[in-house]
Amino acid sequence: MPSKAKSRSNRKSMRVRSAPSLRNRSKVDNILDNIGKSLPKKSKGKYKTTPKTTPKTKPKSKTKSKESISIDRKIKQLNTKIAKLRLKQSQDHKLVALERQLSKQKHDKNIEEHTISLDSIKYTLDELKPNLKEHSLSTEFMNQLSMIFPRHHHVDTVFRRDKRKVTGELLNKESFETIKVAEGVDGAIYRCSYKDHITAIKVIERKWNEYSKTLHDAQKMIDGWKELMKEIYLLSTFAKLGKNAPFLRFYDYLIVKNNLLIMMEFYPGKELYDIYDILSPKDKLQTFKTLIDAVYQMHSCNIVHTDLHFGNILYKSPTDIKIIDMGRSICYSDEFNHDLCHNETHVDKYQFARGFSRFPQVAPWRKRQCGGEGCSKEELMASDLWSTCYPFASTAEKKSLRDSYVDQEWTGRDLLDELPNIYDRICESLDPSHVRVGLPDKMTDLYNIEDAF
């Protein structure tokens, strides 16, 4: 192993490089950026807001701009057209297209008035939808669900919090089925069946007492929507990686009062935690290589998971896995105007004394606040890699890692420098015939690893 002093001496000059993938902006990126530019800025931790007290004298009415007048006219026209179609109980593609146009116009009005509302969230999610014929049943199912909420059913009667199966009939006389299959940090995942088409729906619920307060407080509402916007940002970012990316694909959405329903692909994998012990050494080796590459793809998007463990990895085969539950993830970017992501110099303070769960996913340096006020992006990337490598390591390798990083207090930068050797040793322990080749160049470049091989 390299000396601790040497790797620490280079620590300041050896920062992980900014990932290039975010430079290819999608339409969703631009929408979120425009929202960020239009919103009021914070002042001393709070947004600059107008006083709530009503002045005694009647304020002068502001003259609307030509743009605002034009938007209001279009909104009125669209509302009229939509109302006529609803009277005919029409649910065809024309109505869906008109509602999408209405969301866009209301979003444009928000930008003009420097605020945010549910319409901007809807418009952003609409733009994120994949325009593929294979998702037509997903869209049809969501449209049918929208017609039964809240008149005929509540969300918690269709998506039960326990694991009891729910079956029912929609207004089009087609049957559906839902059952809870997983619980994440920010919501529950349900397996949904409609016309023999299987999807997953993630139900993100905001507590009603907190949600109701935001209805009368514009700034609290803004902060609440930003939580959902971060979820959208992550979905948008992972979508850039393509359909074979190790992350679940977004299909559709539905907003019902204080609930956001996100429809994603259903991935019929099992938690790696449940099946790891029965895998052969050969399958373990390939799974380790696949997972390392998946973590690299996530980091290349300037996103760190911070809660990566075998319970958050779905396994179908050694070359086919998905990383899930991004509820505690952190994204970084200096390129956008919105504050959904932290800037590159942000440090994150570790809040938990014993980790988030029973899994050894917390790197030793995080518990020490990385020797300062918190951990940097580089150190958190190293933490994700620790969470990836440590469970695959042999007993001897685990002892060596504990001696270095727990007892001798080695750092995240040390782990990145040593990563090629750790990678090869783990591969050799799983397959003695493994030939040392080190990490791919793309990984050594991203993590700025010198003398990798």
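Just so you know, all these numbers are worked out from the coordinates, no wet-lab data involved. Computed from a predicted model, the values in this text were never measured in an experiment. Quick reminder, even Gly has a Cβ in these numbers, built from the backbone with ideal geometry, and neighbours come from all protein chains shown.
Over the range 269-446, what is the relative contact order in percent, taking alpha-carbon pairs closer than 8 angstrom and at least six residues apart?
Numbers: 227 pairs, mean separation 38.2, N = 178.
RCO, the range 269-446: 21 percent.
Taking 20 Å as the cut-off for C-alpha to C-alpha distance, list the pairs among 94/202; 165/230; 74/122; 81/173; 230/289; 129/240 that go past it.
Working: 94/202 27 Å; 165/230 30 Å; 74/122 18 Å; 81/173 27 Å; 230/289 29 Å; 129/240 13 Å.
The pairs that break the limit, which is 20 Å between Cα atoms, are 94/202; 165/230; 81/173; 230/289.
Pulled fully out, how much extra length does the chain show between residue 76 and residue 26, if you take 0.36 nm times their separation in residues and subtract their Cα-Cα distance? Each step should come with its number before you reach the end.
Values: separation 50, 0.36 × 50 = 18.00 nm, distance 2.98 nm.
Full extension from residue 76 to residue 26 adds 15.0 nm.
What distance in nm lies between label points placed 7 Å from Cα along the C-beta direction at residue 113 and residue 434?
Those two pseudo-labels are separated by 5.9 nm.
Along the charge dipole of the range 269-446, Cβ charges K/R +1 and D/E -1, which of 297, 318, 421 sits furthest on the positive end?
318
Separation between the residue 368 and residue 344 pseudo-spin-labels, each 7 Å from Cα along Cα→Cβ, expressed in nm?
2.7
Quick one: net charge around residue 129, please, counting Lys, Arg +1 and Asp, Glu -1 for every other residue with C-beta under 12 Å from its C-beta.
Numbers: positive: 27, 100, 122, 249; negative: 126, 127, 252.
Neighbour charge sum, excluding residue 129 itself: +1.
What ³J(HN,Hα) values, in whole Hz, does the Karplus curve 6.51 cos²θ - 1.76 cosθ + 1.60 give for the range 163-177 when θ = phi - 60°, with x put for Gly and Pro?
Whole-Hz 3J(HN,Hα) from phi for the range 163-177: 9, 7, 6, 10, 10, x, 10, 8, 5, 8, 6, 8, 8, 9, 8.
What is the sum of charges around residue 348, taking Lys and Arg as +1, Asp and Glu as -1, for the other residues whose C-beta is under 11 Å from the C-beta of residue 348? The partial results should precede the final answer.
Values: positive: 328, 349, 366, 377; negative: 373, 379.
So the surrounding residues net to +2.
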